[in-house]
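Coordinate-derived values only; no laboratory data. Values in this document were obtained by computation on a predicted structure and should not be read as measured data. Quick reminder, even Gly has a Cβ in these numbers, built from the backbone with ideal geometry, and neighbours come from all protein chains shown.
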Amino acid sequence: MLQADPYSLRYAAARFRGGAEEMRRYASRVTGYQSQVVGSAWTGDAAQTFAGRSEQQVGYLKQQVDVLDSVAVVLVSLADKLS
């Protein structure tokens, strides 16, 4: 039988939230780099491709942020029920 205690669940939730926050920072950095590089002097097909791929990566990161945040919410909810 699997056992869990509220403290461990809350700790795990905090770790998932930390991971989500780190991914938010990565997404912000990618957006910043993309606007600095493409927004300045870089033009043409390669610049447009880079911008598109950057936006795609930011979208993927945001999806993962949502998943990690959702896991954290579920873990806290379970911890509350066990308390």
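A dipole drawn for the chain from +1 and -1 charges on Cβ atoms has a positive end, and of Leu75, Val65, Thr43 the residue lying farthest that way is Leu75. A Cβ-based charge dipole, computed about the Cα centre of the chain with Lys and Arg at +1 and Asp and Glu at -1, lands at about 120 debye. All other residues whose Cβ lies under 12 angstrom from that of Tyr60 are scored, Lys and Arg at +1 and Asp and Glu at -1, for a net of 0. Starting from the Cα of Thr49, step 7 Å toward the Cβ, then list every residue of segment 17-41 with an amide N under 17 Å from that point. Only 38 fall inside the zone, counting backbone N under 17 Å. Karplus-derived 3J(HN,Hα) values for segment 74-83, using 6.51 cos²θ - 1.76 cosθ + 1.60 with θ = phi - 60°, are 5, 5, 5, 4, 5, 4, 4, 5, 7, 6 Hz; glycine and proline are entered as x.
Computed from backbone phi, the HN-Hα couplings of segment 43-57 come to 9, x, 4, 4, 5, 5, 5, 4, 4, x, 5, 5, 5, 5, 5 Hz, rounded to whole numbers (Karplus: 6.51 cos²θ - 1.76 cosθ + 1.60, θ = phi - 60°; Gly and Pro given as x). Applied to segment 7-16, the Karplus parametrisation 6.51 cos²θ - 1.76 cosθ + 1.60 on θ = phi - 60° returns per-residue 3J(HN,Hα) values of 4, 5, 5, 5, 4, 4, 4, 5, 5, 5 Hz, with x for Gly and Pro.
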